1. Largest first and in whole Å, what are the equivalent-ellipsoid semi-axes of region 1-106 based on the Cα gyration tensor, each being the root of 5 times an eigenvalue?
2. Between Ser233 and Thr250, what is 0.36 nm times their sequence separation minus the Cα-Cα distance? Round to one decimal in nm.
3. Can you list the aspartates and glutamates whose alpha carbon is less than 20 Å from that of Lys190, not counting same-chain residues fewer than 8 positions off?
4. Over what distance in Å are the Cα centres of region 251-285 and region 391-448 separated?
5. Full extension from His5 to Glu332: what is 0.36 nm times the residue separation minus their Cα-Cα distance, to one decimal in nm?
6. Beyond 21 Å, how much of the Cα-Cα pair distribution for region 60-154 remains, as a whole percent?
7. So, R0 is 56 Å and r is the distance between the beta-carbons of Arg269 and Ala172; what FRET efficiency does that work out to, to 0.05?
8. For the ranges 30-42, 60-72, 390-402, 324-336, what's the packing order if you count other beta-carbon atoms within 10 Å of each residue, average per peptide, and put the highest first?
Amino acid sequence: MRKNHSPWLHQLNKERKSERLRRDISVDVAIVGAGIAGVSTAFFTLKYTDKKVALLERHLLAHGATGHNGGQAVTYFEKGFAAMCEEFGITLAATGQRSIENTWELLDEIYTDANLDIFFARFVGHMGLASYAQVLDDLKNNHFRKQAGLRPDMLRISASASYVHDIPHEYAGLYSVVPQAMMYQLLETKSPEYQAVLSEQKGVLNSALFCEKVVEYLLQKYPDRFRLYEHASVDKLVLRHDQALLDVGTHTAKAERVVLCTNGFENMRIFNETGLDIDAKFHHLVRGTVGFMSGYLERLNKQPTALSYYGEGDRGPEANYIYLTRRPYEYEKGTHHNLVSVGGPESALEEDTSYSFDSDYPDSAAEAIDEFTKRVYDPDPNRKMEHVFTWHGLMGYTRNRIRMVGEEPQNPVLLYNLGCNGVGLLPSIFGGRKIARHLAGETVPKSIFDIPKRY
């Protein structure tokens, strides 16, 4: 069995000093969870309000899901746009989709303000499709995107695909027919099973290192209004009509507002003194999935990319799906390589089962990733792949696979920015800006990210 060894945590400052909560505190805003959602929420709250903010993390900064993800920044949801239109209506769905696509600007804002110099690349990434059902799904999404005033995603279909002449006429103009050789080129494969490619904006980012650098900036920029407390586990949250009390070990944090930026699986009880019960419902808002990833080094002779591959079948939650990123990476000081990260194998976290980042990495996950990589991405039979990194992380999936961002309907003292849904980097940043608008007292329009009144 291998250890859970993340390439993102490997690049963090091992000499950084952490601060523990050693007394009772009173702040305007308490943010629970110091991953990319919590750090982004802190950044925008501090910038756009005069609030005093405490960021509480039960372990170490960015050591949760933020330090154990696949590293892709994408603008799509794990719910097709057509399905979003059916659930929310085309206007709200389009507004929600557009807000995530505009989050690149929020990321640029953070980079500029904090003067970040950590590696980030943005480019056109590609998704390989292996079935006609998947192609029809994306054509339907493009059809709704066009109706909503959004630019359709670029969909290329191989001229040798058996179904190319069966595509409904209503989808004319939403795809192009190209030689199969273009599939090989875009997906960097020689495998003939992928006969369509969906292309869109993607990026690669070490979100753990991003959090570390942003927190450094916030501590320097707002020394009187911001603190990060690590090893600060919130065991109980009591909501009153005008404030919240947080039990943090042997100390208490009092806050006018509290924002949960967690994956939903903390051992925390929520007591709402002003109305209906929240606790039991909150702990059923998300379900857990453990994702397994592996990384190996290769020569620094290719550009950064983000690729994904769907095997035969539908594009639902149980899809046969592998994702891959490649980026420059300094493994040891002064040594530069490309890091190829591959993920896809998953296991469901059973109800009432706890997850531990200290758990070993199963050999079966490494074998599955090896098999795929050697068959599709790098089919050199003589190539021996050394897994420099093997890691797993906990993803929190909301019921409708849309991130929850906004006020708790039963008590607006509590707000949420949670539910990574497997594609959480950009939605987390967007969520931070939206929460800051709530905290600033703005009237925030209804959106697809609002928490349902009935869970």
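The values are calculated or read from the model by the stated rules, or taken from the named source; none is laboratory data. Only a predicted model underlies this, so the values are computations on that prediction, with no experimental measurement involved. Cβ placement follows ideal geometry from the backbone for every residue including glycine, while neighbour counts extend to all protein chains displayed. Keep in mind that these areas ignore ligands, DNA and RNA; they rest on the heavy atoms of the full protein, side chains included. Shrake-Rupley method; radii C 1.70, N 1.55, O 1.52, S 1.80 Å.
1. Output for region 1-106: semi-axes of 31, 22, 12 Å.
2. Numbers: separation 17, 0.36 × 17 = 6.12 nm, distance 1.01 nm.
Length difference between fully extended and current span is 5.1 nm.
3. Partners within reach: Glu298, Glu312, Asp370, Glu371, Asp378, Asp380.
4. Between the Cα centre of region 251-285 and that of region 391-448, the gap is 14 Å.
5. Taking 0.36 nm per residue and subtracting the Cα distance, the gain is 116.2 nm.
6. Details: 2105 of 4465 pairs.
Result: 47 percent of Cα pairs exceed 21 Å.
7. Efficiency, from the Cβ-Cβ distance: 0.50.
8. Ranked from most to least packed, the peptides come out as 30-42, 60-72, 390-402, 324-336.
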